[in-house]
Amino acid sequence: MKPLQAFRARFLDVLASIYIYNEHRGYTSLDRVLEAVRARCPDEAGFIAAVEKHREDEHKHYHMFRRWFELQGRMPLKVDRTCGHIDHFIEAVFGCTIEELDTAAIVADGDAFEKLCRVIMLTEQRGMSQVEVLLKNRHVLSDPVMRRIFRIVEKDEPDHWMPYHAWLTRHGRVTARWRERWADFWIHKSLMLAKLPAIFVNRRTPRLEKWPHDDDSVYRAAA
Ligand SMILES: [Fe+2]
Ligand SMILES: [Fe+2]
């Protein structure tokens, strides 16, 4: 394989491995968000439906990346929660992991629920601008399947932050605090400038042996 082709193949492999982790993390975490939304806002059918759609979209995205790996004849690289934007963000804002988030406490506390909505909103806004960048990347554009995946993601993405923004506005809540925007910025920079290149060069990163939708524990105790 020529150097450019080898670089491209590795870049797309790492990129898709990070994406599939985040999509899986997204839809599984949204199951818990939905629980909180249904309990906190039982009369807001429109908001509940929007979060359900968000969950369905992330689930669909996960399977699009899974199919891309199947076409490659490889499993994704075994990344871990240090590659998850939402993992870092929840830790920065709530001081705990996603697993440790106390859904009942968030339902009971208006400020905590507001914070959760903001974290999701900012994460999804970041996701949307990242897709715009990737759709100009020549390596992504060189792979027709990858290009198509990101075009679909691009179309879905506005629906993933607008409902939370609308909820915050409707309830007179703050739509973002500078500290949260700052955290989001640094998380993104460290993922793109440190984490992605580190996986790129580490040839010993193992691959998943099972799909995460078949076995939820595959990312635990990851590389
Ligand atoms: Fe997604
Ligand atoms: Fe999304």
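Laboratory data are not the source of any read-out in this text; all were calculated from the coordinates shown. Every value quoted in this text rests on a predicted model; they were computed, and no experiment measured them. For neighbour counting, all protein chains shown are included, and Cβ atoms are generated from backbone atoms with ideal geometry for every residue, glycine included.
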Using the Karplus curve 6.51 cos²θ - 1.76 cosθ + 1.60 with θ = phi - 60°, what ³J(HN,Hα) values do you get for each residue of segment 94-102, in whole Hz, with x for Gly and Pro?
9, x, 8, 7, 4, 4, 7, 4, 8
Three-way shape call for segment 41-102 based on the alpha-carbon gyration tensor, with the a/c threshold at 1.5:
oblate
Once the principal axes of the Cα atoms of the chain are found, what is the range along each, listed largest first in whole angstroms?
57, 33, 32
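So, by mean Cβ neighbours within 10 angstrom, what's the order for 47-57, 204-214 with the highest one leading?
47-57, 204-214
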Report, by chain and number, residues whose modeled amide H sits under 5 Å from the one on ARG207, excluding near sequence neighbours (fewer than 5 apart, same chain).
LYS78
Computed about the Cα centre, the charge dipole of the chain from +1 Lys/Arg and -1 Asp/Glu charges at the Cβ has a magnitude in debye, to the nearest 20, of 1260
Can you tell me the 0 to 90 degree angle between the C-alpha axis of helix 178-190 and the longest principal axis of the chain, rounded to 10?
10
Add -39500 (n - 2.57) for each DSSP H run of 4 or more in the chain, then divide by its residues: what number comes out at 222 nm, to the nearest 500 deg cm²/dmol?
-23000 deg cm²/dmol
With a 10 Å cut-off between alpha carbons and a GNM built on the chain, which of ALA183, ALA16, ALA45 moves the most?
ALA45
